[in-house]
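Q: Got a structure for you, questions after.
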Amino acid sequence: MPPPSPFSDTPVLPAQFQAIITRLGPWMPDDPSFPPIALAVSGGGDSLCLAWLASRWRKRLIAFVVDHGLRPESAEEARLTVSRLADLGVPARILTLTDLAKGPRMAERARQARYAALAQACREMGCLDLLLGHQADDQAETVAMRQRAGSGPTGLAGMGWSTVLPDIRLVRPLLGFSRAALRNTLRQAGVAWVDDPSNEDTKAERVRVRQALLTGDRRDTLWQEAIRYGRARMQQEAEYTQYLAQNAAFLPEGWVCLGATLPEPALLSPLIRSVGGLPYPPSPSAVARLCEEAQPATLAGVQMLRHKGQWILLREAAAMQGRVIAQNGSLWDNRFVLHLPSELEAEGLRVGAAGIGVPRASRAGWPARLCATLPALWRGRQRVAVPHLNIWEDPVLCGARFTFRPPVPVSGSGVYGELPE
């Protein structure tokens, strides 16, 4: 039996919110000795309602208000939002984005910069969970957009109630409530919010989809589709996890070794995404062709080749990030975190791919083209360390290391479909 429609205008009760958030736990104790739960608050009706409801659930909260700096009034709106959060008893920090220039793909670039800033703020505060204000209308819009883009069943599951990233968990407790219900909740509570004019800009696809869904019952149909596909996604991911445990070897060098045969497309796709450090899955049709042809190939910045009778997935050398300044804790190629000893002087060091010329004796039996994709430390034109291969041209670098940390887990850890009991 499908769940009831979320598209009611009735204000949300704190007890309703608490019932949902409890099912999305476990949560850190609401105690000063533990880190707070983080909230992403834009100042709009959805996220401010999230803050109002969360403030009635627990005391240990911290709100992060992102100022994209794209409109003259954005800084003042961020300060106003912090003031409104203070009235709710929620402490807040403003995260100002300083390098987001106007231009093509603005919405996508703003989203990526926003999540990067939020994740960094969570790391600094020790927050393990970040609550987001996505609601039922957002879910319907997401499914509609993914239908247009030809997404497969996994994409049509929409946004998860929770999604696990390498060091934080994103939680969306409002997916079962409508935009209208959240605003009516704030009106009833006497809380004002900010309306962002970009939400009415029809140059953005999401705005056009939103306006097309304002009337009729298509919103509910799309939301129910997300539930149905989400149920299937959870089942598929359980099977996928079992397959990985039995058939795949994940190496700290960032490679994945499979058996003599390739997995089906639904299993190969997240592997490609993980190895490539991709924010989104590769094209389903392209992955299907790879599986059908079963030949060495390159897709979405990932090479698929055979070595000693087994398939290996590794990063495409030409697609890797160039050399960047080496800083402790920095992320290179969206996959590797650099760890430097505290006493090490990093001035002049850069991080980049090891490249060609890694000595055969140091390659531990791996082909040169695999070792060329490993992260390395450079001084000028000299490669001075390849930690994965224990290559140290400069002894003071012996404590440096890289940790493979793809942007999303290779096996599903989120919650889709119905809420857990």
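Derivation of every value follows stated rules applied to the coordinates shown; laboratory data play no part. As the structure is a computational prediction, the values presented were derived from the model and not from experiment. For neighbour counting, all protein chains shown are included, and Cβ atoms are generated from backbone atoms with ideal geometry for every residue, glycine included.
Q: Show me, for the stretch 157-173, the HN-Hα J-couplings you get by feeding each phi into the Karplus relation (A = 6.51, B = -1.76, C = 1.60, θ = phi - 60°), rounded to Hz, glycine and proline as x.
A: After applying 6.51 cos²θ - 1.76 cosθ + 1.60, I find 6, x, 7, x, 4, 8, 9, 9, 9, x, 10, 9, 10, 8, 10, 10, x Hz.
Q: When the Cα centres of the stretch 65-106 and the stretch 115-169 are compared, how far apart do they sit, in Å?
A: Cα centroid of the stretch 65-106 versus Cα centroid of the stretch 115-169: 20 Å apart.
Q: Could you tally the net charge around residue 170, taking each other residue with its Cβ under 13 Å from the Cβ of residue 170, Lys/Arg +1 and Asp/Glu -1?
A: With Lys, Arg at +1 and Asp, Glu at -1, the net is +2.
Q: Cut-off is 10 Å between beta-carbons; in what order do 122, 291 appear when sorted fewest neighbours first?
A: Lowest to highest Cβ neighbour count: 291, 122.
Q: Then there is this: Please identify every one of the trypsin sites (Lys or Arg not before Pro) in the stretch 8-113 that sits in a loop by DSSP and has no more than 10 other beta carbons within 10 Å of its own beta carbon.
A: Qualifying residues, ordered by number: 102, 105.
Q: Rounded to whole Å, give me the distance from the Cα center of the stretch 374-400 to that of the stretch 44-60.
A: Comparing the Cα centres of the stretch 374-400 and the stretch 44-60, I get a distance of 47 Å.
Q: Tell me, what is the FRET efficiency for residue 324 and residue 405 to the nearest 0.05, using R0 = 22 angstrom and their Cβ-Cβ distance as r?
A: Details: r = 16 Å, r/R0 = 0.73.
That gives a FRET efficiency of 0.85.
Q: Okay, moving on. What is the list of residues in the stretch 279-313 whose amide nitrogen lies under 13 Å from a point 7 angstrom out from the Cα of residue 369, following Cα to Cβ?
A: 295-299, 302-308, 312-313
Q: Dividing the convex hull volume of the Cα atoms of the chain by its residue count, what figure in Å³ per residue is obtained?
A: Dividing the Cα hull volume of the chain by its residue count gives 165 Å³.
Q: Summing Lys, Arg as +1 and Asp, Glu as -1, what charge do residues with Cβ under 12 Å from the Cβ of residue 120 carry, residue 120 excluded?
A: Around residue 120, the charge tally is +1.
Q: Kindly work out what percent of the DSSP beta bridges joining two residues of the chain are antiparallel, to the nearest 5.
A: 70
Q: On a 0 to 90 degree scale, rounded to 10, what angle separates helix 74-87 from the longest Cα axis of the chain?
A: The angle comes out near 60 degrees.
Q: Round to the nearest 10 and give me the degree value, 0 to 90, for the angle of helix 106-125's Cα axis relative to the longest principal axis of the chain.
A: Tilt relative to the chain: about 80 degrees.
Q: Hey, what did the chain get for relative contact order, percent, Cα under 8 Å, at least 6 apart?
A: That works out to 16 percent.
Q: For an R0 of 51 angstrom, estimate the FRET efficiency from the Cβ-Cβ distance between residue 379 and residue 106 and round to the nearest 0.05. Before the final figure, lay out each step's value.
A: Details: r = 37 Å, r/R0 = 0.74.
Efficiency, rounded to the nearest 0.05: 0.85.
Q: Using amide H atoms built 1.01 Å from N in the peptide plane, name the residues 5+ places from residue 336, or on other chains, whose amide H lies under 5 Å from its own.
A: 405
Q: Working from Cα positions, state the angle (0 to 90°, nearest 10) between the long axis of helix 14-23 and the longest principal axis of the chain.
A: Result, in degrees: 20.
Q: For a quick check of your reading of the filter: which trypsin sites (Lys or Arg not before Pro) in the stretch 372-421 sit in a DSSP loop and have no more than 12 other Cβ atoms within 10 Å?
A: 381
Q: Determine the sum of side-chain charges near residue 399: Lys and Arg each +1, Asp and Glu each -1, restricted to other residues whose C-beta is under 13 angstrom from that of residue 399.
A: -2
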